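Some notes on the structure that comes next.
The values are calculated or read from the model by the stated rules, or taken from the named source; none is laboratory data. All values derive from a computational prediction rather than experimental measurement. Ideal geometry is used to build each Cβ from the backbone, glycine not excepted, and the neighbour counts take in all protein chains shown. Accessible surface areas use protein heavy atoms only, side chains included; no ligands, DNA or RNA. Shrake-Rupley method; radii C 1.70, N 1.55, O 1.52, S 1.80 Å.
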Amino acid sequence: MAKSAGLRVVSTPSGRAAPGTSASEQHLKPLPRATLPQEIVAAIAELILKRVWKPGDCIPPEKELAARFAVGRSTIREAIKSLVILGVIEARPGDGSYIREATSQLLSGAFQWGSLLTEQNLGDLVDVRVLIEVECAGRAAAAGAPGVGAHLLQIVERMGDERSRSKAFMDLDNEFHTAIAAASGNPLYLNLAQTLQSLVAVWYLDTYRLERTKAATLKEHLAIAKAIEARDEHGAREAMRQHLLRAAERLRKIVDTSGSAGSDQPAAPAASA
C-alpha cells in the first residue's frame, strides 16, 4: 500500500511534529505574495530534495494543496501538470498523484533548472536552449520536409488569434518549438526540446499577459517559420538564435524586477519564451 504524504501535523513547543503526523506542514504554508506555478514547483522541489516527500509517496489532493499554499486550484493544477511532464510526479486517474523514482539524470537536472531558476543560472538555461533549438531550426530548414513551413506559419497565425488568451498563446508557443524539433529528424533532439518546453511552461506562464511581449514573440516566430519554409538553413538558425536571446533578455529584466520587489508585492510577469 502506498504511503501518504499527508499534512496532519501539529507543531509542538520543541518544533518537532507531534506523534502520528507528517513533517510536510512545515513546508506547505501560504506563500508571502501572489504565487505563480513555478513557485509551487519550487516548494514541491524542496519537499522532495529534503526527503520530506519520498518516491512512492502520494501527495495531497489538489484541493488540499491549494488551501495549504493559499492559491487557486488552477495554479496547483498547472504546477502538477508540469511536474508530470518532467517525470517527477505520476498521476494515477482515480487514485492520486505520486512521487516517482528518479529515472533520468536529464529529467532530474531539468527539474532543478525549472524549479530553482534565478538570474544567476538563467544564462545556463539560455545556453542550452540556444545549443539545442538553433540546431533544430537549421536542421528543419535543411531537411525541407513538405508542409513543415506551412504548419509553422499556421501555428503563428493561431497564436495571433489567441493573443487575448494567455494560456492558449503559451501552449501554441510550446507547440511551435516542439514542431521545429520534430522536423529536425532526430528523435533525441525532440525529446530534449520537449523537456526544455516543459521548463518554459513552468516559468513563463504569466509572461503571455504582456501585449508587447506577445507582439515581439509573434514577429520573431514568423521570421523563424519563413526561413524554414524557404529552406534557408542559415536564416533559420539566426532567426531562432535572435528569438531565444531576446526572450532571455526580456525574462532577465523581469527576474531583476521581481528580485528587487518587496516580499508583499505580487510577482511581475516574465517575458515570453
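Being charged (D, E, K, R) and either open to solvent by 50 Å² or more (accessible area, probe 1.4 Å) or in a helix (DSSP H, G or I) (or both) is the filter here, so list the residues in the range 37-76 that pass it. Give the steps one after another, and end with the answer.
Within the range 37-76, the subset charged (D, E, K, R) is 39, 46, 50-51, 54, 57, 62-64, 68, 73.
GLU39, GLU46, LYS50, ARG51, LYS54, GLU62, LYS63, GLU64, ARG68, ARG73, listed by residue number.
Does any residue of the range 162-169 turn out to be over 22 Å from LYS81 (Cα atoms) and either open to solvent by 20 Å² or more (accessible area, probe 1.4 Å) or not in a helix (DSSP H, G or I) (or both)? Walk me through it before giving the result.
Taking the range 162-169 and keeping what is over 22 Å from LYS81 (Cα atoms), we get 163-164.
Filter once more, so that each one left must be either open to solvent by 20 Å² or more (accessible area, probe 1.4 Å) or not in a helix (DSSP H, G or I) (or both): 163-164.
Within the range 162-169, one or more residues are over 22 Å from LYS81 (Cα atoms) and either open to solvent by 20 Å² or more (accessible area, probe 1.4 Å) or not in a helix (DSSP H, G or I) (or both).
Just give me the residues in the range 80-97 being of a type in the set (Val, Ile, Thr) and part of a strand (DSSP E or B), in sequence order. Steps first, please.
If we filter the range 80-97 for residues that are of a type in the set (Val, Ile, Thr), which is where we start, we get 80, 84-85, 88-89.
Result: ILE89, single match.
State all residues of the range 226-254 that are in a helix (DSSP H, G or I) and of a type in the set (A, V, I, L, M, F, W, C); if no residue qualifies, say none.
Within the range 226-254, the first condition is being in a helix (DSSP H, G or I), and the residues that meet it are 226-229, 233-254.
Of everything in the range 226-254, those that are in a helix (DSSP H, G or I) and of a type in the set (A, V, I, L, M, F, W, C) turn out to be ALA227, ILE228, ALA236, ALA239, MET240, LEU244, LEU245, ALA247, ALA248, LEU251, ILE254.
How many residues does the range 77-100 hold that are within 17 Å of ALA42 (Cβ to Cβ) and open to solvent by 30 Å² or more (accessible area, probe 1.4 Å)?
5
Could you say which residue among ALA181, ALA150, ALA137, ALA141 is of a type outside the set (D, E, K, R), at pLDDT 95 or above and open to solvent by 10 Å² or more (accessible area, probe 1.4 Å)?
Values: ALA181 fails: open to solvent by 10 Å² or more (accessible area, probe 1.4 Å); ALA137 fails: open to solvent by 10 Å² or more (accessible area, probe 1.4 Å); ALA141 fails: open to solvent by 10 Å² or more (accessible area, probe 1.4 Å).
Residue meeting the stated conditions: ALA150.
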